[in-house]
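Engineer: Take a look at the following structure, please.
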Amino acid sequence: MQKPELLLYSILGPIRPDIRPLVYAVETAEQLLFVQRVPMEDIKAIAHIYSRVAERLEKQTAAVAKAVERLTVLCWDTLVPNNLLPTYIGDPSMQMPPPRVLVIYLAVYAHFELPFAVAVKKYPDILFPPDANACVADIDVAKAIRRAQAMPVISDVPICPECGGELNQAQAYCHNCGQHLDWSQYENAHLALT
């Protein structure tokens, strides 16, 4: 097991910004996943991660959320050009996931010292709790990652549940992958004509 602080320094190197919000977020996600056995899909960014980090840092939840979002972007922007996605995430072709999902990927790496894509094959109960009525022998990792990316995140920007790409507005189809989007569950969503 690798400490989240060492993991982040191994990715980011010595940096000036305070990385404690992301370190604590990764620690919290690791605790939720592997001690409390909360299924990955049930972990909510604000309620489960950011609020606990905010208490620990004695800051507002919104400030912690912004700090974690900035740090996850910084982390991603370091992983991609340095060709570290296969090492830490396992899928070199994926787009940046929402911050909550990247925190979970890092928590999985910190716990197992394995990329997320490898860990879900080896330990499928990360995604599928043991009592789930799902056959996990042949996990489609790409689908599992897309499923994880479709979970709600703290952001004013809608996210495509298929490719994880940011959407410009409540549009009928994703401009990245062409996925048809259903906004019927959101009361205030109005489709933008493009």
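The values are calculated or read from the model by the stated rules, or taken from the named source; none is laboratory data. All values reported here derive from a predicted model rather than from experimental measurement. Cβ placement follows ideal geometry from the backbone for every residue including glycine, while neighbour counts extend to all protein chains displayed. Please note that ligands, DNA and RNA were not included when accessible areas were found on the heavy atoms of the full protein model with its side chains. Shrake-Rupley method; radii C 1.70, N 1.55, O 1.52, S 1.80 Å.
Engineer: On a full-extension model of 0.36 nm per residue, what is the gain between Lys122 and Arg37, subtracting their alpha-carbon distance, rounded to one decimal in nm?
Structural biologist: 29.0 nm
Engineer: Within 10 Å, count the other beta carbons around each residue, average over each peptide in 101-113, 56-68, and list them highest first.
Structural biologist: 101-113, 56-68
Engineer: Here's another thing I want to ask about it. Could you work out how far apart the two model spin labels at Ile46 and Asp18 are, taking each label as a point 7 Å from the Cα in the direction of the beta carbon, and quote it in nm?
Structural biologist: About 2.3 nm separates the two model spin labels.
Engineer: So how far, in whole Å, is the C-alpha centre of the range 1-26 from the one of the range 38-66?
Structural biologist: One Cα centre to the other: 16 Å.
Engineer: With a 1.4 Å probe and all protein chains left in place, how much accessible area per residue does the range 6-116 have, in Å²?
Structural biologist: Solvent-accessible surface per residue comes out at 45 Å².
Engineer: Also, I was wondering about something else. If each residue of separation counts as 0.36 nm, what is the full-extension length gain between Ala172 and Ala62 once their alpha-carbon separation is subtracted?
Structural biologist: 36.6 nm
Engineer: What's the extension gain from Glu5 to Gln95 if we count 0.36 nm per residue and subtract their Cα-Cα distance?
Structural biologist: Stretched fully, the Glu5-Gln95 segment lengthens by 30.0 nm.
Engineer: Further question on the same structure: Could you check the spin-label model distance between Thr78 and Glu113? Points 7 Å from the Cα along Cα→Cβ, value in nm.
Structural biologist: Distance between label points: 2.0 nm.
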